[in-house]
Structures are given as structure tokens and as C-alpha cells.
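Engineer: Encoded as C-alpha cells, here's the structure I'll be asking about.
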């Protein structure tokens, strides 16, 4: 029962993290996915930024699409295999 109470308190209140910032990345199936976390020492993060793989891929769209027609934009985006749900943040 004590383990259940400890688990409940951990997920409702959180735990205090030392002040500072960190960036951690993993290799996801569609590219590098990273999390940037800033803590001010409280139980909740001060800032949490998630960098999805599609965001980095879309940033090179300008260079890839130069010299092509506007009608080619659909084909170029299709070859990049983007998920716009992770890009529109």
C-alpha cells in the first residue's frame, strides 16, 4: 500500500529537480527527436521544448524546392514523409 501511495504522490505532485537545463536526444524512426528541459528547482519544469524530427526536415524545404515549380511542392513534401501534426507547434 505504501508503494501505491508513493507512486500516486510522485505522479500528482512530481519531484523537485535541481535548477539547470538539459537537452537529450534519441534516434527516432523518422529522425532525431530531442527534449530541452529547463528547471528552476520547483516540482514543475520551467520550460519544456520538444523538437520533433519533422520540424528539422521541413526547415530544409526552402533549399530543396528552389528551381522547381509550385506544382512540384506536393511531390517534394510527399518525399520528405512529414507529419504536420508535429510540425505545426
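Engineer: Using a Förster distance of 35 Å, how high is the FRET efficiency between residue 75 and residue 32, based on the Cβ-Cβ distance and rounded to 0.05?
Structural biologist: Details: r = 25 Å, r/R0 = 0.71.
Calculated value: 0.90.
Engineer: Answer with a single label: of (1) 13.0, 40; (2) 19.6, 66; (3) 11.7, 34, which was calculated as Rg and Dmax of the Cα atoms in Å from the structure in view?
Structural biologist: Given (1) 13.0, 40; (2) 19.6, 66; (3) 11.7, 34, the calculated one carries the label (2).
Engineer: Rounded if a/c is under 1.5, else prolate if a/b beats b/c, else oblate: with a ≥ b ≥ c from the C-alpha gyration tensor eigenvalues square-rooted, which is the range 1-52? Spell out each step's value before the answer.
Structural biologist: Details: a/c = 3.55, a/b = 1.61, b/c = 2.20.
Oblate, because a/c is 1.5 or more while a/b does not exceed b/c.
We did not get these values from a lab; they are worked out from the coordinates using the rules stated. Just so it is clear, the structure is predicted and the values come from calculations on it, not from any experiment. Cβ atoms come from the backbone with ideal geometry, glycine included; neighbour counts cover every protein chain shown.
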